[in-house]
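Coordinate-derived values only; no laboratory data. Computed from a prediction, not measured in an experiment: that's the story for all the values here. Glycine gets a Cβ as well: all are built from the backbone with ideal geometry, and neighbour counts include every protein chain shown.
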Amino acid sequence: MPDGMTEIPVRFTLNGAEAEAAVAPRMPLIDLLRGEFGLTGTKRSCDAQVCGACAVLLDGQPVSSCTLPAFEARGKAVLTVEGLAADERSAPLTEAFVNNAAFQCGFCTPGMLLAAKALLDADPAPSEETIKDALSGNVCRCTGYKKIVEAVEEAAEAMR
Amino acid sequence: MLLAQESGAAALYAGGTELLLAMKSGLLAYDALINVKSIAGLDAVAADDRGVVIGASATHSAVERDALARERLPLLAEVEHSVANARVRNVGTLAGNLCFAEPHSDPATLLLIYEAELDAQGPSASRRIPVGELQTNSYETSLAPDEMVTAVRVPPFPAGMSGAYSKFGRHHRPTLGVAAAVAVEDGRVADVRIAIGCVSPVARRLPRSEDVLRGERVDGLAADAPALREACRLAAEDADAVADLHGEADYKAHLARVFLERTLLRALGRNGSGGDA
Ligand SMILES: Cc1cc2nc3c(=O)[nH]c(=O)nc-3n(C[C@H](O)[C@H](O)[C@H](O)COP(=O)(O)OP(=O)(O)OC[C@H]3O[C@@H](n4cnc5c(N)ncnc54)[C@H](O)[C@@H]3O)c2cc1C
């Protein structure tokens, strides 16, 4: 869109609180979260919706914030890893990642946690297959996936 | 209407999972995007007299989870779950997948054996397009610049027909997709539909392979049966595989042969189970 194009007002729920912003039509959600709200837990990596590092939950469902336009948050609820970390009900999930050493560099961890949260919200007792399927779109390049799957299994048990 | 006015400077935007990537990388540029999702009612998945009508704003996730689609089109629901990753499925639409005409599409291949149709709406007229007539080449469709798809109409398989779909690949998108459905009567193949995609610019039905199998006794169709081998050999020829980043033409022709055999045997194995998946 031409540079002079008017900004779009966006009111949404961000990590449980009301939020407001005016965004350029082409601004991806990740730039709003990191740039305007300082929520740097959301990571940009492949920038092509492949790796999952930029995943956030939009109305409870994972989306790639690197590509989703920020205006798509209008009227919806966005959850980032900061919101998950502040949510006591999700504490067993983050603790299980620590207990199982389910990360090394940690760059994929925010996306993994959010994908796992979306799964556990829908299915509190997922099978190993279901966990692998739900996390299959999130790429980890150092830990490998075994510990991550085990962490989600442990979290599911603790949260039931 | 808006699309007609903007002539060429505007594009339809549904989930944007293709369009915005292409714009980010500078492959496409538009002054304006028209949001398909802002048109009321296009996100529905509903029944019509022939089958299931999937609105242009319905995402892959919506189709995969929809009760009606799962009941009447279980194979489509199963394949929709295998498209991309959960994030792309939550945002990307089935109609957007077809309209982008990317050669490596799962639904473009599968919907050929469902004999699906698209509703297209222009400024003054609407028409039905058989799914096999939408895509004309890589990234090219038969849609007019001021036409949009409003729905994908998918009839269930006829009673007694079961289907299977196989995809293979090591990239984000499939290198090969094969769809097959078989109806058995009195121990013989009464009807069969076969489609192949991703190995050439446009997915296609394989009528010569279908003809070889029609009328064959089912109990004779083990893995090395002559009719099955001939159908798969013809598929490797008729697929017209081309070389691209996913591999050489010969390699893809080989994949076509191997995967058609597996897919047909799975479709036959599902026969009599009462569902299309
Ligand atoms: C990482 C990744 C992996 C993927 N893996 C797979 C895979 O395994 N299998 C597979 O099949 N696909 C795969 N895809 C493709 C995916 O299915 C599509 O990106 C998605 O369905 C496109 O829908 P959209 O709504 O986002 O389309 P958009 O990006 O909004 O639009 C795509 C194109 O279609 C046009 N368009 C959109 N809606 C209409 C309409 N109603 N009428 C006319 N034109 C329209 C737009 O103008 C644009 O040119 C993958 C994509 C990504 C990014």
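Remarks
- Compared with the dominant Cα axis of chain A, that is its longest principal axis, helix A:146-159 is turned about 90°.
- Note on A:59-72: average number of Cβ atoms from other chains within 10 Å of each residue's Cβ is 5.
- Listed from fewest to most Cβ neighbours within 10 Å, the set B:I194, B:I34 follows the order B:I34, B:I194.
- Nitroxide proxy distance, nm - points 7 Å out along Cα→Cβ at B:H172 and B:A46: 3.4 nm
- Reducing region B:162-194 and region A:1-78 to their Cα centroids gives an inter-centroid distance of 40 Å.
- If you take the Cα centroid of region B:197-217 and the Cα centroid of region B:65-89, the two points sit 24 Å apart.
- Expressed to the nearest 5 percent, the antiparallel share of DSSP beta bridges inside region A:8-80 is 90 percent.
- Helix-derived mean residue ellipticity, 222 nm - over chain A, DSSP H n ≥ 4, -39500 (n - 2.57), to 500: -9500 deg cm²/dmol
- Distance (nanometres) between label positions extended 7 Å along Cα→Cβ at A:N99 and A:R141: 3.1 nm
- Sorting A:T13, A:T80 from the fewest to the most surrounding beta carbons within 10 angstrom yields A:T13, A:T80.
- Qualifying trypsin sites (Lys or Arg not before Pro) in region B:42-141, where qualification requires a DSSP coil assignment and no more than 14 other C-beta atoms within 10 Å, comprise B:R50.
- Virtual paramagnetic centre 7 Å along Cα→Cβ of B:R128, amide N under 20 Å, in region B:180-212: B:205
- The protein assembly as shown: antiparallel DSSP beta bridges as a percent of all, rounded to 5: 90 percent
- Antiparallel DSSP beta bridges within chain B, percent to nearest 5: 90 percent
- Packing-based exposure ordering (other Cβ within 10 Å, fewest first) of A:L39, B:L73: A:L39, B:L73
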